[in-house]
1. Using only the Cα atoms of the protein assembly as shown, what semi-axes does the equivalent ellipsoid have when each is the square root of 5 times a gyration tensor eigenvalue? Give whole Å, largest first.
2. Please name which of B:Leu58, B:Leu95, B:Val26 has its Cα lying farthest along the dipole of region B:7-99 towards the positive end, using unit charges on Cβ (Lys, Arg +1; Asp, Glu -1) and the Cα centre as origin.
3. Pairwise over distinct Cα atoms, reciprocal of the mean inverse distance: report the Kirkwood radius of region B:297-453 in Å, one decimal place.
4. Straight-line reach only, C-alpha to C-alpha below 17 angstrom: list the aspartates and glutamates that B:Lys105 could link to, leaving out same-chain residues fewer than 8 apart.
5. Peptides A:302-313, B:337-348, A:132-143: what's the order by average Cβ count within 10 Å, highest mean first?
6. Among the DSSP beta bridges whose two residues both lie in chain A, what percent are antiparallel, rounded to the nearest 5?
7. Which residue, A:Gln198, A:Ser164, A:Thr128, has the largest displacement toward the positive end of the dipole of the protein assembly as shown when charges sit on each Cβ (Lys, Arg +1; Asp, Glu -1)?
8. So what's Rg/Rh here for region B:187-344, counting alpha carbon atoms and using the Kirkwood radius for Rh?
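The values are calculated or read from the model by the stated rules, or taken from the named source; none is laboratory data. Values in this document were obtained by computation on a predicted structure and should not be read as measured data. Glycine gets a Cβ as well: all are built from the backbone with ideal geometry, and neighbour counts include every protein chain shown. The protein model used for the area step is the full one, side chains on, heavy atoms only, and it has no ligands, DNA or RNA in it. Shrake-Rupley method; radii C 1.70, N 1.55, O 1.52, S 1.80 Å.
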There are 2 protein chains.
Amino acid sequence: MDQIYVIKEVLNFYEGKQGVVVCGWVRTRRDSKGFSFVEINDGSCLKNLQLVIDHGTLPLDEVKRITTGASIRAIGDIVPSPGKKQKWEMHVRKLEILGEADPNKYPLQKKRHSDEFLRKIAHLRVRTNKYGAIYRIRSRAAFLIHRFFQQRHFSYIHTPIITSSDCEGAGDLFQVIKRGEELDSFFKRPAFLTVSGQLTAEALCMGLGKVYTFGPTFRAEDSNTPRHAAEFWMVEPEMAFYDLEQDIDLAEELIKYVVSNVVKENSEDIELFTRFVDKGLLERLNRVIEEPFVRIEYSEAIFILKHADKKENFIFKPEWGEDLQTEHERYLSEKHFNLPVVVYNYPKDIKPFYMRLNDDEKTVAAMDILLPQVGEVVGGSQREERYDVLVRNIEQMGMDIEDYLWYLDLRKYGSVPHSGFGLGFDRLIMFLCSVHNIRDTIPFPRTPGTLNF
Amino acid sequence: MDQIYVIKEVLNFYEGKQGVVVCGWVRTRRDSKGFSFVEINDGSCLKNLQLVIDHGTLPLDEVKRITTGASIRAIGDIVPSPGKKQKWEMHVRKLEILGEADPNKYPLQKKRHSDEFLRKIAHLRVRTNKYGAIYRIRSRAAFLIHRFFQQRHFSYIHTPIITSSDCEGAGDLFQVIKRGEELDSFFKRPAFLTVSGQLTAEALCMGLGKVYTFGPTFRAEDSNTPRHAAEFWMVEPEMAFYDLEQDIDLAEELIKYVVSNVVKENSEDIELFTRFVDKGLLERLNRVIEEPFVRIEYSEAIFILKHADKKENFIFKPEWGEDLQTEHERYLSEKHFNLPVVVYNYPKDIKPFYMRLNDDEKTVAAMDILLPQVGEVVGGSQREERYDVLVRNIEQMGMDIEDYLWYLDLRKYGSVPHSGFGLGFDRLIMFLCSVHNIRDTIPFPRTPGTLNF
């Protein structure tokens, strides 16, 4: 078969080339006297390729079958376009309709559709400019994350998805059973979907030095918010010999790296969102790239919030010892600083058992990173490397020490200071595209009561 | 804090550098008069860094605490080594023991341990040369897969892990429920762990053109074989406009790309397996890189196997219309050809509904790739793009057409010829490292009755 060129290549590299084969889906068609103009897209980039069809080559009644959504294969020559919208176009020598799309039934006609409508046809929304751009950015951001860590001598690890442990002590877990069998028949003990790969990642970082996971994680929370999904993707690096400050440095460097390279490498897609969705997007992204993140202790955050409460009148009153709420996070990162904000040294009582106790014995070496518009996108900590302190934490929190003997081994044999964090990948995509609902960043989102496709 | 250098950098780039900080775990210690020699490893590479400790700098009774498995932090100068084993060593100025490892209890003393024993201490086996090397190769192979597809204009997509559909029609599924609740309470319908992202990947390739998944997949099969795990990682590319031959070409190119770059970029790790595990490994890998894969039709494979059966006396008699068994796969790829073998055009009755019917109406455009030692590592097909044929398949196989209306939409609106395959990532690692049990390629494997960590 002849080689098929993707439109991204054609528009960038094939000026003047003759007899090029392209395939794609029709976005629009316009007929004029003697000629028709058809714009096709193949998903390789946002831009369409304009095909110029001489009715001498393809008769008009045949051309009329080339409707929005139809798929075609064309052979032709790439020539400079006299039109203003594009630099190059194809003069078609031969065109074949691969699959028609009945204009009376095809749901994606040329008009704006609501996000809510498009969620219902998630199998087709990828064919729109907006979702094509979101998924291309998602793909590139994922690759950039891998490249970032690989360049820095991290090993990519696969931590278990089905697990017996409950890392966060969070209550809402999905349980896994073999279809049609008793609860514990397959694994001979209760099995759950992971909420975090951290504990096993810690074990691996004690041999490989620096590791990261990038995989799906799960929460069976019955809440329907724009920022939560039952299934989402997390990046969890874990570094031997890192303290909290180095942990924060790495997270900031990672976010800057991904944002700056997406802005460069996906500039067309980012421009689409800046033009049609959120005029302030590119400026916001550039601030994240250029400005250092604000770093404040939790106690200082509470001080700022208490002061602001007089004007803001928060629903949840800020109080030392209580967790920050979304409204607090947004106030800090959007109103007060208008920058990414790192909050660190949280009260120990609102954080899990594995976080390292600070010398004040009241706070732990935890950190969260809050982004404007999105809120918390990173949560991390230095881990408790001291055997005795860790045992005391497990006992004080009423957990069963038998479940953590292997984890305690890591502190018994060659224990080291170490740190890590989790980055919510879907939330980073929300930030990159100025998308306000997590359901629009994942091709087929899973939320309570929703399991289509 | 001072920057910590990883040993891989130190050995390659820091010759003659003074005042370098390194951290790592002790592999061995040897004391001689006035000096001790300590080899440390930090997981960044297979090689250790030799530390030379003057007993004037650290008294011998302190040095004696530096036992195998202990973690240390050292500052010193990188100087040429008079020893034969290494080019560079560190003369230590200052050394701190971060965590001891009681020699009477630490399970990884300097001797060979069996794979079975090490599986029981999966949280510690990463600290051995062998498993460190496997996981580094696994990390690099995963990155190479991403790089391969990104360079070829593919989008990386996340298909759902929790799904309502049963892509392969395979019986053994894991079901997902919210802990402590009724079966269907959370999603309002039965929910399962994915066995393949293919069907949703097809939807996305109809907008993005070329896509690939890389994620976990699941089988609730109660079989304990060295080649099966309940949770494993698959790579599933899906390409619009590709026919079966282009599908095979891409799979062959991908395998050659990963193998050749791992051989180059992880040469030390591959050498370890060639020296200590399987003398024929590097030669086998080089044949895969250099020789074209053998391509034969299923009918020809059966012909060869029937002929061979006189000598081989297979347990399962080869018969047209029956699936190939492991013994058949191994015969073809190891004995008959001694090369990777692509078998294509399988009988339609042993393949799923979505594979494209060939013109003979007896076979479908399916293909499997068999590797020596490992057997099937890739399974793929051209997909049935014709609406009517697909409907007939669904009906003939007694499946409920209501469940596939969205999938049929893809054939109704702008349908295109398209193809894809699934590559078993863990099996590729088995092949790369000459590891014979899939449990030894995954850090924390899940199999029937096994759910530790």
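1. Values: eigenvalues 430, 253, 149 Å².
After diagonalising the Cα gyration tensor, the semi-axes are 46, 36, 27 Å.
2. Farthest towards the positive pole: B:Val26.
3. Details: mean 1/r = 0.0565 Å⁻¹.
Hydrodynamic radius (Kirkwood, Cα pairs) of region B:297-453 is 17.7 Å.
4. By straight Cα distance, B:Lys105 reaches A:Asp409.
5. Top to bottom by mean Cβ count within 10 Å: A:132-143, B:337-348, A:302-313.
6. Values: 67 of 77 bridges.
The antiparallel proportion sits near 85 percent.
7. Of the listed residues, the answer is A:Thr128.
8. Ratio of gyration radius to Kirkwood radius for region B:187-344: 1.00.
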